[in-house]
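Down below is the structure, laid out as structure tokens.
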Ligand code: IMP
């Protein structure tokens, strides 16, 4: 087991890259099967989902487009409850099938806010694809269509996810110690 130090916290390996990529490939297969012929627009939520988005997109073989939004709600290891939109969506999504690509659904507040913003633009359908869900922390009722993995409530970093801006570059996912 590998251990890393980021600022004041130690983390140990939790989900190795190989397992992550197996689950990402399964999600890609589900999307290829469900959305062929619907010309989806993938909306990737920066910063955390950049690695998941790249690995997912490489495994999609249906005609599709991608765009990015940037939201933030976390400071350190906990959510502030306020969701800031740092970069919005400029694409016309009316009548379009949209797939939100997120790194992790924790309380679900970020996702709820994004859904409200996108629904106001009259898409045909909105689906959610997330790498991770912490089911025990969900505070809102969300229908999540594609989930790579469910995880416990602990704070994690790596594969795009950060602790105070650091740790996004690791290819495995690490869990905080104690
Ligand atoms: P939510 O609004 O509480 O669902 O939080 C969603 C956002 O919080 C995610 O997009 C992540 O950026 C961040 N987040 C939640 N849990 C973790 C974690 O364990 N590690 C790193 N970031 C996290």
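Derivation of every value follows stated rules applied to the coordinates shown; laboratory data play no part. Fair warning: this is a prediction, and the values are worked out from it, not measured in the lab.
Of note:
- For the chain, the share of alpha carbon pairs falling in successive 10 Å distance bins from zero is 9, 40, 36, 13, 2 percent.
- Degrees between helix 109-119 axis and first principal axis of the chain (Cα, 0 to 90, nearest 10): 10 degrees
- Helix 17-35 vs. the chain, principal-axis angle (Cα, 0 to 90°, nearest 10): 10 degrees
- Taking each DSSP H run with n ≥ 4 as -39500 (n - 2.57) and averaging over every residue of the chain yields -7000 deg cm²/dmol at 222 nm.
- Region 1-131, relative contact order [Cα under 8 Å, separation at least 6], %: 23 percent
- Within a Gaussian network of the chain (alpha carbon springs, distance under 10 Å), most fluctuating of 141, 39, 61: 141
- Percent of beta bridges antiparallel (DSSP, region 51-144, rounded to nearest 5): 40 percent
- Base-10 log of normalised Debye intensity for region 1-56 (one unit scatterer per alpha-carbon) at q = 0.14 Å⁻¹: -0.56
- The DSSP beta bridges internal to the chain are antiparallel in roughly 45% of cases.
- With the convex hull constructed from alpha-carbon coordinates only, region 130-178 shows a mean projected area of 4.1 nm² over all directions.
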